[in-house]
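The values are calculated or read from the model by the stated rules, or taken from the named source; none is laboratory data. These numbers were taken from a predicted model, which means no experiment stands behind them. Cβ sites come from the backbone with ideal geometry, for glycine too, and all protein chains shown count toward neighbours.
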Amino acid sequence: MAQSRPTQQNSNHQLRIECQLACTQGLCDTRIFRYLTDKQHVLEVNPVSGLEAPTVRKSLPTYLTTDDSVRLLESVTGPYAERDYCILTFFLNCGMRVSELVGLNLTDFKDDTVRVLGKGGKQRTVFLNDACLAALEQYLPKRLEPNEQDADALFVSKKRNRINVQTVKWLVKKYIGQAGLDPKKYSAHKLRHTAATLMYQNGVDIRTLQSILGHSSVDTTMIYTHIENENMREAAARNPLAEIRPNGERVPVKQPKNSDK
């Protein structure tokens with residue numbers, strides 16, 4: 001008996017199963033099918049509609065402790081020490097992205113605030129604490145006179161251009177090494193994590209932190225609450241009574257590892 005030819009309905013059903021399987025295995029992005037269906041009209045039916053994307057576990061951000069941050073600031077030396085110290089201070093206190101920091105202009109500052117241009121061209125106002133204001137006051141008299149096209153740039157390179165992203169990343173790595181920290185573990189972006197973590201651990205609420213960091217969704221900011229959870233777990237484990245068992249036996253507690261501090 002000859003096999004019947006596959007119908008269009010069966011083909012669509014098979015396509016839907018294969019697409020769903022690929023997406024649940026992380027081999028494709030469900031947004032592609034939504035685009036092909038709703039925008040380009042290549043597909044009549046979205047084969048993965050209603051399919052929930054697999055949850056991707058986010059790793060906890062790596063950050064410096066307060067003591068490590070102080071060591072980093074104390075490591076700054078050289079002919080551009082005032083500029084570099086100001087850069088590190090802004091990272092550690094304001095939580096700026098590297099691109100945001102290099103884009104700062106003199107005209108962005110007003111009293112104790114600075115206007116920051118973030119992702120997607122979104123502007124936000126960041127307040128400068130006393131450490132930032134002192135570092136800025138120390139740097140400005142030493143600021144090199146920039147070339148005409150970068151006349152408004154806050155941070156100026158030795159070539160008298162606006163300092164670029166790669167230079168800032170290199171500077172941060174250099175000082176991390178000079179401070180006796182691990183340059184492979186820490187970077188300029190990790191200083192942003194450091195600012196966010198230290199603020200959250202010292203009482204800044206999550207919504208305020210979202211505004212400071214320029215996150216479009218609070219879900220992105222919520223990762224810093226997990227750090228607090230890890231700290232609380234560690235604190236519970238360090239209680240000397242944690243080793244006492246109901247039968248009176250003492251069982252040494254395995255101390256949790258400090259997560260990327």
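Quick notes on this structure:
- Only a single criterion out of (1) in a helix (DSSP H, G or I); (2) within 26 Å of the chain's Cα centre (by Cα); (3) at pLDDT below 70 is not satisfied by residue 33, namely (2).
- Filter result for residue 128 (closer than 19 Å to residue 93 by Cβ, without any contact (Cβ under 8 Å) to a residue 60 or more places away in the chain and over 20 Å from the mean Cα position of the chain (by Cα)): no
- Only one of the listed residues (169, 184) is outside any helix (DSSP H, G or I) and over 14 Å from the mean Cα position of the chain (by Cα). That residue is 184.
- Taking the conditions (1) over 28 Å from residue 180 (Cβ atoms); (2) in contact (Cβ under 8 Å) with a residue 12 or more places away in the chain; (3) among the polar types (S, T, N, Q) in turn, residue 138 satisfies each one other than (1).
- If you go through the range 158-179 and keep only what is in contact with a helix residue (DSSP H, G or I) (Cβ under 7 Å, 6 or more places away or on another chain), in contact (Cβ under 8 Å) with a residue 24 or more places away in the chain and either under 15 Å from residue 72 (Cβ atoms) or not aliphatic (A, V, I, L, M) (or both), you end up with 162, 164, 168, 169, 171, 172, 175, 176, 179.
- Inter-residue pairs, beta-carbon under 6 Å, first in contact (Cβ under 8 Å) with a residue 24 or more places away in the chain and more than 18 Å from residue 66 (Cα to Cα) and in the range 82-100, second part of a helix (DSSP H, G or I) and of a type outside the set (Val, Ile, Thr), 6+ apart: 82/138; 82/139; 82/142; 83/139; 84/171; 98/188
- Any chance residue 185 is surrounded by fewer than 20 Cβ atoms within 10 Å (Cβ to Cβ), in contact with a Ser or Thr (Cβ under 7 Å, 6 or more places away or on another chain) and over 15 Å from residue 96 (Cα atoms): yes
- Just one of the numbered conditions (1) buried (at least 18 other Cβ atoms within 10 Å of the Cβ); (2) under 17 Å from the mean Cα position of the chain (by Cα) is not true of residue 85: (2).
- The range 62-75 residues that are among the basic types (Lys, Arg), paired with ones that are outside any helix (DSSP H, G or I) (beta carbon under 7 Å, 6 or more apart): 71/179; 71/180
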